[in-house]
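Note sheet for the following structure.
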Amino acid sequence: MTLDPIPFAVTAMDHVALALVVGTAAAWLYLLPAGHGNNGPSRAPMSVLVLALALLAFTSAADLLARTAALADVSLGAAWPYLGRALTHSDYGGFWQLRAVAWTGLLGLTLFIAWCGPVRVAAWGIAVGAVTIIFTASATGHAGDDGALALPALINALHITAACLWGGSVLIYAIRLLPALQRPGIPAQILAQTAMRLSTLAGAALAMVLATGIYNAWRLLPDWPSLWESGYGRALMLKLAAVAVMMVIGAANRFFLVPGVGRWARQNSGGGTVRLFLRVLRVDAAVFLLVLAGAALLGMQAPPGH
Ligand code: HEM
């Protein structure tokens with residue numbers, strides 16, 4: 001298995017930043033009930049969105065420099081003079097420019113939301129900006145070899161989007177939304193409703209992640225033995241082990257903790273369930289970060305027979 005620490009860290013951070021942006025859009029467009037206005041809970045994801053944009057700026061610049069060095073076949077330190085040419089004379093450069101335009105749009109929308117609150121059209125703009133960057137990431141990865149608009153690249157972009165929707169929503173809910181919804185003055189029913197919505201969203205995103213993931217694996221693994229005989233296959237199995245843990249936690253939330261939170265909201269008793277739900281979600285979020293690390297490791301392996 002190949003692991004070059006710096007590109008690995010940059011790709012993993014890029015995946016995390018994209019998941020945070022998609023999770024924030026999902027919080028504003030679905031998790032929080034309509035008309036949640038411009039108050040505490042709806043403002044809670046703001047600081048994470050700003051952090052995610054800063055992270056994306058760093059990972060985009062670092063990836064551009066690394067790819068330029070590879071294109072020019074020079075060391076990282078000697079790549080600077082080739083940046084302009086890489087941007088204007090390579091397919092990668094064209095996708096990077098699209099990524100830069102989407103990032104600038106995200107920055108503008110974030111400033112608008114900071115001023116006017118998370119109005120729906122702006123939240124949809126955040127979602128479109130994130131999916132555009134995901135499209136460029138897929139087009140410049142393994143999946144883009146047959147062309148950015150070919151089926152493999154589009155399905156891989158759908159895979160990454162669904163994965164960010166699942167894990168990104170869990171991340172934003174666990175670190176920002178649920179703590180804000182637990183504050184005094186927020187009706188218990190709102191918290192219970194958002195918990196059910198998170199579980200529903202996670203279930204739908206999981207189905208999409210599985211379908212597109214199986215397609216990716218079918219396309220890139222020539223046979224079953226390559227799953228354990230190739231570095232690529234072993235990296236995929238590592239990732240799938242963490243995904244399995246997320247699925248078990250998701251089922252426990254769906255069938256035990258979310259109904260428990262509903263009972264707490266109706267009967268105003270058993271506040272311990274909400275605290276347990278928060279702890280379990282934070283474990284889920286941590287496992288999701290491991291899955292993203294697994295995806296970054298996978299992206300660095302040459303698929304068998306590729
Ligand atoms: C929470 C669950 C998951 C997350 C967060 C996730 C995330 C990702 C990400 C970010 C990539 C893009 C890597 C890149 O292009 O650099 C990716 C690729 C891939 N994923 Fe997943 N994934 C998940 C579940 C799955 C599942 C369940 C499968 C298989 C059944 C799967 C199979 C694959 C494969 C084969 C690729 C490689 C595509 C390529 O190299 O072009 N993933 N995944």
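Before moving on, here are some points about what is shown:
- Largest-first principal axis extents of the Cα set of region 103-166 (Å): 42, 23, 13
- Unit Cα scatterers, Debye sum, region 5-299: log10 I(q)/I(0) for q = 0.08, 0.11, 0.12 Å⁻¹: -0.37, -0.68, -0.79
- Portion, in percent, of the accessible area of the chain that falls on carbon or sulfur, probe 1.4 Å: 71 percent
- Overall form of region 23-113 per C-alpha gyration tensor (a/c, 1.5; a/b vs b/c): prolate
- Cβ-based net charge around Met13, under 15 Å, with every Lys or Arg adding one and every Asp or Glu removing one: -2
- Charged side chains reduced to their Cβ positions (Lys and Arg at +1, Asp and Glu at -1) give the chain a dipole of some 1340 debye around its Cα centre.
- The alpha carbons of region 212-306 occupy a box of 59, 19, 17 Å along the principal axes, longest dimension given first.
- Whole-number accessible area per residue in Å² for the chain, which is evaluated in the context of all protein chains at 1.4 Å: 46 Å²
- The chain: relative contact order as a whole-number percent, Cα under 8 Å and 6+ apart: 25 percent
The values are calculated or read from the model by the stated rules, or taken from the named source; none is laboratory data. Computed from a predicted model, the values in this text were never measured in an experiment. All Cβ positions, even for glycine, are placed from backbone atoms using ideal geometry, and neighbour counts span all protein chains on display. Each accessible area value is taken on the protein alone, full model and side chains, heavy atoms only, with ligands, DNA and RNA left out. Shrake-Rupley method; radii C 1.70, N 1.55, O 1.52, S 1.80 Å.
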